[in-house]
Amino acid sequence: MQNEMIANVSALLADGKVDRVLGWKRGELGWDVSPAVFHTPRELQQEFVYDRYCGANLSKYLVAECRKGGRLAIFLKPCDRPAFELLVKEHRISREMCHVLEVPCSGSYSYDPEAEEDRLDIRCAACEHADAHPLHKQVEDIEAMTPAERFAFWQGELSRCIRCNACRNACPACTCESCVFDNPASGVAQKAATNSFEENLFHIIRAFHVAGRCVDCGECSRVCPQHIPLHLLNRKLIKELRNAYGEDASLTAFCETDPEPSDVIGGGNRA
Amino acid sequence: MRKLSLVSLPLLFAAIDERMPLYLPVRSDGRVEFTRWMGGQDIAFTGNTDRSAKDFFFPQSEELMRLRREGKRVEVLDTRREAEDFVLFGVRPCDVKSFDILDSVFLAGPVDSYYATRREHGVVVSLACHLPSSTCFCSAFGIDAADPAGDVAAWLAGDTLYLRANTEKGERWLAAYDTLTEPSDENAIADLQQIRDKVSALPLAKLNTAVFGGDKLATFFDLPDWESLSVACLGCGTCTFVCPTCQCYDIVDFYTGHGIQRLRCWDSCMYSDFTKMAHGNPRTTQRERFRQRFMHKLVYYPAEHEGVFGCVGCGRCLRKCPQALHIAKVMRTLGKED
Ligand code: SF4
Ligand code: SF4
Ligand code: SF4
Ligand code: SF4
Ligand code: SF4
């Protein structure tokens, strides 16, 4: 697999069809794989890797890479593809500059050096591409809780947040040039949280900011150093949106004849 | 040197916690964090904590003071509370060393009184690493995992815990539990060499530090490698938050409606709003911010501290960076001989 991938993109480089390749690069310990940009077949030969530790979704790097010009080859796993399409649709990247190579995936893992074992990434445990787990099972488990249990569940999870913003920075739907949470003048920057409720609010606000645009790639949960299952918030919203608007109607496909939410799901206070 | 049998350890912990809060590494839900002792916990004697112990002296967010306005008067309210004594038990050798690095910043004049108070009230009991992790490289930075610093050093050997006071404060503290421990011979711990052998056989133990140092600014600053090293960096700052030696902070004012609440919080050189001045952040690209982090550890800090490096090889940036960019990769890449 890996060798085939190297051969394919090496040929693209040699033919001048692309001038660089977005892929994954091997680390010092086997499991510490990083996304990387390759410029020559030699670099690919020496450093390119594709294995179970290549969980990182490369799509978002295209936002920066496309600005540099030229043509790029990029590898996309099945769950990375929607992120790519979203970025094209939102005009954050240019499809013309990208040569997409789809690669199969049988689940991505991270290594736990303490337990000395691999852990399947949480998103893969409910991957749409695997048949064992229905997409919304994890969400349904949470919905089945009482409100008090649910509150306690999220308080427990979110209380561990260190506000590193890795979730936001990895998210392909979060591509604002300057995030409102980074703007000290916005009044919500929250570099210092006065209380833990602010942390919770950050995640809820972020979930709503990406509602309808979240592509369910699960990067937010994968990158979280505190192992917070963030994408469950997003999956809940995806589920509600699908119920209300149907499978493919995302909030970015906006037109004037769209119904009001209250027309679709009832309730609301309409004049 | 004192010793006690492991079966009596809960008694010792209970006695300690009765006098002052005791925090130790507790495993729960697959994570290890310093947690208040309460008996019946799964105490982690091997590996290290997910977050470092710096939080106890330099918390992520703390209130510095409040200002209250009444009419034309502004009143400054000192919100500091008298700190209580506490014990950190089981701090690993790398993390103990990190306190020296934090001290060199916060206790050098002008002394940071918030930090200093907590340091004075904290007793640090370190624990030698008889089972280091594959991500540890303390030895590359000259730290002896078999003989840690701290007010009191501890060793686990067989079914015995050995305790040795390193400082006067540690001696006083340890003496308070003399009824629970027995005297022991200084050379009782069988095999310090065994620990040292294990540590030096770790995959990253041979990282070359000799090529770095305070006089290497010109050698590394403009290397093209920074581009490929940093291209995947998300600028999330996770590496700096989990790093036991990262010491940067920001001071933020919150308007409360009738006054100001002034907080201090961790900051990170990986952030776009770090050291923001009138013209913005002097480091305009993530490449420059990434370079700052590693140059600080390997060049700038040693330049100001007699060659001591700003990294203790705890391996947290290695474990926690979402994209697996870490100091060992940086050192291998920059230090390569081609
Ligand atoms: S990645 Fe995790 S710890 Fe970091 S801000 Fe997001 S939820 Fe919090
Ligand atoms: S919110 Fe999470 S799952 Fe959704 S697009 Fe962003 S990173 Fe992916
Ligand atoms: S090096 Fe890693 S942890 Fe640090 S800011 Fe970059 S992506 Fe985040
Ligand atoms: S730079 Fe990395 S290895 Fe070094 S002390 Fe900080 S977190 Fe630990
Ligand atoms: S400048 Fe960066 S690396 Fe240095 S202490 Fe501050 S946050 Fe850490």
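What follows draws every value from the coordinates through simple rules; no lab data is involved. All values derive from a computational prediction rather than experimental measurement. Cβ sites come from the backbone with ideal geometry, for glycine too, and all protein chains shown count toward neighbours.
Footprinting exposure proxy ranking of A:CYS255, A:CYS66, fewest other C-beta atoms within 10 angstrom first, gives A:CYS255, A:CYS66.
3J(HN,Hα) couplings calculated from phi for segment A:71-80 with the Karplus curve 6.51 cos²θ - 1.76 cosθ + 1.60 (θ = phi - 60°) are, in sequence order, 10, 10, 9, 9, 8, 10, 7, x, 7, 8 Hz; Gly and Pro show x.
If you wrap the Cα atoms of segment B:158-224 in a convex hull and average its projected area over all directions, you get 8.7 nm². Once the Kirkwood radius over Cα pairs is known for the protein assembly as shown, the Stokes-Einstein relation at 4 °C and 1.567 mPa s delivers a diffusion coefficient of 49 µm²/s. Scanning residues 5 or more positions from A:ARG20 or on other chains, those with amide H under 5 Å from its amide H are A:ARG71, A:ALA73, with H placed 1.01 Å from N in the peptide plane.
Projecting the Cα atoms of B:GLN292, B:ILE251, B:CYS236 onto the charge dipole of segment B:219-338 (Cβ charges, centred on the Cα centre) puts B:CYS236 farthest toward the positive pole.
In debye, nearest 20, what is the charge dipole magnitude of chain B about its Cα centre with +1 on Lys and Arg Cβ and -1 on Asp and Glu Cβ, if you could check?
Working: 41 positive and 45 negative charges, 217 e Å.
The dipole of chain B has a size of about 1040 debye.
Distant-in-sequence amide contacts of B:VAL26, defined by a placed amide H-H separation under 5 Å and a gap of 5 or more residues or a different chain, comprise B:GLU33, B:PHE34, B:THR35, B:ALA44.
Distant-in-sequence amide contacts of A:LEU76, defined by a placed amide H-H separation under 5 Å and a gap of 5 or more residues or a different chain, comprise A:LEU101, A:GLU102, A:VAL103. Each 5 Å bin, from zero up to the one with the longest distance, holds this percent of the alpha carbon pairs of segment A:134-247: 2, 11, 21, 24, 21, 13, 6, 2, 0. Legend: translational diffusion of segment B:241-295 by Stokes-Einstein, Rh = Kirkwood radius over C-alpha pairs, 4 °C, 1.567 mPa s; D = 102 µm²/s. With neighbour counts taken as other beta-carbon atoms within 10 Å, the residues B:VAL87, B:VAL26 rank, fewest first, as B:VAL26, B:VAL87.
For segment B:282-322, the pair-distance distribution built from all alpha carbon pairs, in bins 10 Å wide starting at 0, is 28, 44, 28, 1 percent. Computed over the Cα atoms of segment B:1-135, pair by distinct pair, the Kirkwood hydrodynamic radius stands at 17.1 angstrom.
Taken over segment A:11-77, the convex hull of the Cα atoms encloses 83 Å³ per residue. The sum of -39500 (n - 2.57) across all DSSP H runs of n ≥ 4, divided by the residue count of the protein assembly as shown, sets its helix-only mean residue ellipticity at 222 nm to -8500 deg cm²/dmol. Remark: B:GLU288, B:GLU75, A:GLU256 ranked as A:GLU256, B:GLU75, B:GLU288, counting other beta-carbon atoms within 10 Å and listing the fewest first.
3J(HN,Hα) along segment B:61-66, derived from phi through the Karplus expression 6.51 cos²θ - 1.76 cosθ + 1.60 where θ = phi - 60°, amounts to 8, 8, 7, 9, 5, 10 Hz, with x in place of Gly and Pro.
Average 1/r across all pairs of distinct alpha carbons in segment B:228-338, invert it, and you get the Kirkwood radius: 15.4 Å. By the combined test of axial Cα extent (at least 15 Å) and Kyte-Doolittle hydropathy (mean at least -0.5), the qualifying DSSP H helices of chain B come to B:9-19, B:93-106. Dipole of segment A:2-102 (Lys/Arg Cβ +1, Asp/Glu Cβ -1, origin at the Cα centre): which of A:ASN57, A:PRO41, A:HIS91 lies farthest to the positive side? Value: A:HIS91. Phi-derived couplings, Karplus 6.51 cos²θ - 1.76 cosθ + 1.60 at θ = phi - 60°, listed residue by residue for segment A:115-122: 7, 6, 8, 7, 10, 5, 4, 4 Hz, with x used for Gly and Pro. Using the empirical formula 2.2 N^0.38 Å as the baseline, the Cα radius of gyration of segment B:2-334 reaches a ratio of 1.07. Hey, if you put +1 on the Cβ of every Lys and Arg and -1 on every Asp and Glu Cβ in chain A, which of A:CYS79, A:ALA14, A:PRO229 ends up farthest toward the positive end of that dipole? Farthest along the dipole direction, towards plus: A:ALA14. Annotation for segment B:139-244: chymotrypsin sites (Phe, Trp or Tyr not before Pro) lying in DSSP loop with at most 11 further Cβ atoms inside 10 Å of their Cβ are B:PHE221.
Note that segment B:83-135 shows a convex hull volume over its alpha carbon atoms of 74 Å³ per residue. Its relative contact order, with pairs defined as Cα atoms under 8 Å and 6+ residues apart, puts chain B at 20 percent.
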